[in-house]
Amino acid sequence: MEIVVRRMTAEDRDEWFNMRKGIWPEAPDGYLSFDMDDILASQRDAVFMAFVNGAPAGLIEARLREYGEGCETSPVGYIEAWFVYPRFRRSGAAGVLAGAAEDWAREKGCAEMASDTWLDNEASIRAHVKHGYFEVERLVHFVKRL
């Protein structure tokens, strides 16, 4: 099985959008697409796409942040989105994607990489742990309608 990872380009927009829809299926289409051009043009963002035997398999969106929960350095590389199509899970694509984002963050001068996921997203938690990430804290958000 051949896994190839490369930077996302404008020509990959449709596949990128479909993968974002896989992460956040309830999100409106306009919300999922509104920042794609800005991300592609940014020096503080990188998006990588994995191909397994030539087929689009997954993506990872990374960003430089000034702060990451549990981090001791700044800036920090941050995984903003990480997705692998179900048929390619356990192929190694997730790890290759994580490695590409981590290499990019290192090249940008980062000493740490951070991420987050929902408390009930067990698959994501397992993937993070499998690839060397460890939990640093849990957070509960509150809202009050006025």
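The values are calculated or read from the model by the stated rules, or taken from the named source; none is laboratory data. All figures in this text were calculated on a predicted structure; none of them were measured in a lab. All Cβ positions, glycine included, derive from the backbone under ideal geometry; neighbour counts span all protein chains shown.
For the range 65-95: of the residues being of a type outside the set (Gly, Ala, Ser) and crowded, with 20+ Cβ neighbours inside 10 Å, which is farthest from Trp24 (Cα to Cα)?
Among those residues, the one meeting the criterion is Val76.
Yes or no: the range 13-27 includes at least one residue that is touching a helix residue (DSSP H, G or I) at 6+ places or on another chain (Cβ under 8 Å), surrounded by 20 or more Cβ atoms within 10 Å (Cβ to Cβ) and within 17 Å of Glu102 (Cα to Cα). It would help to see each step written out before you state the result.
Filtering the range 13-27 for residues touching a helix residue (DSSP H, G or I) at 6+ places or on another chain (Cβ under 8 Å) gives 13, 16-17, 20-21, 24, 27.
From what's left, surrounded by 20 or more Cβ atoms within 10 Å (Cβ to Cβ): 16, 20.
Applying the additional criterion that residues be within 17 Å of Glu102 (Cα to Cα) yields none.
Checking the range 13-27: not a single residue is touching a helix residue (DSSP H, G or I) at 6+ places or on another chain (Cβ under 8 Å), surrounded by 20 or more Cβ atoms within 10 Å (Cβ to Cβ) and within 17 Å of Glu102 (Cα to Cα).
Please name all residue pairs, on different chains or six or more residues apart, with Cβ atoms under 7 Å, provided the first residue is in the range 51-76 and is under 18 Å from Ala127 (Cβ atoms) and the second residue is assigned to a loop (DSSP other than H, G, I, E, B) and hydroxyl-bearing (Ser, Thr, Tyr).
Between residues of the range 51-76 that are under 18 Å from Ala127 (Cβ atoms) and residues that are assigned to a loop (DSSP other than H, G, I, E, B) and hydroxyl-bearing (Ser, Thr, Tyr), the close pairs are Val52/Ser91; Ala57/Tyr85; Ala57/Ser91; Gly58/Tyr85.
Restricting attention to the range 105-120, does a residue exist that is surrounded by 14 or more Cβ atoms within 10 Å (Cβ to Cβ), out of contact with any Gly (no Cβ under 9 Å at 6 or more places or on another chain) and of a type outside the set (D, E, K, R)?
Taking every residue of the range 105-120 in turn, at least one turns out to be surrounded by 14 or more Cβ atoms within 10 Å (Cβ to Cβ), out of contact with any Gly (no Cβ under 9 Å at 6 or more places or on another chain) and of a type outside the set (D, E, K, R).
Which condition does Met49 not pass, out of (1) buried (at least 17 other Cβ atoms within 10 Å of the Cβ); (2) touching a strand residue (DSSP E or B) at 6+ places or on another chain (Cβ under 8 Å); (3) more than 18 Å from Lys21 (Cβ to Cβ), if it passes all the others?
All conditions are met except number (3).
Any residue at all in the range 23-45 that's touching a strand residue (DSSP E or B) at 6+ places or on another chain (Cβ under 7 Å), more than 26 Å from Glu137 (Cβ to Cβ) and of a type in the set (Gly, Ala, Ser)? Before you say what the answer is, go through the steps one by one.
Step one: filter the range 23-45 for residues touching a strand residue (DSSP E or B) at 6+ places or on another chain (Cβ under 7 Å), giving 23, 39, 44-45.
With more than 26 Å from Glu137 (Cβ to Cβ) added as a condition, the list becomes 39.
Now restrict to residues that are of a type in the set (Gly, Ala, Ser): none.
No, the conditions are met nowhere in the range 23-45.
Mind listing whichever residues of the range 56-115 are among the β-branched types (Val, Ile, Thr) and within 21 Å of Gly22 (Cα to Cα)?
Ile60, Ile79, Val84, Val96
Residues being of a type in the set (A, V, I, L, M, F, W, C) and either surrounded by 11 or more Cβ atoms within 10 Å (Cβ to Cβ) or modelled with pLDDT of 90 or more (or both): count how many of those fall in the range 124-143.
Residues meeting the conditions: 5.
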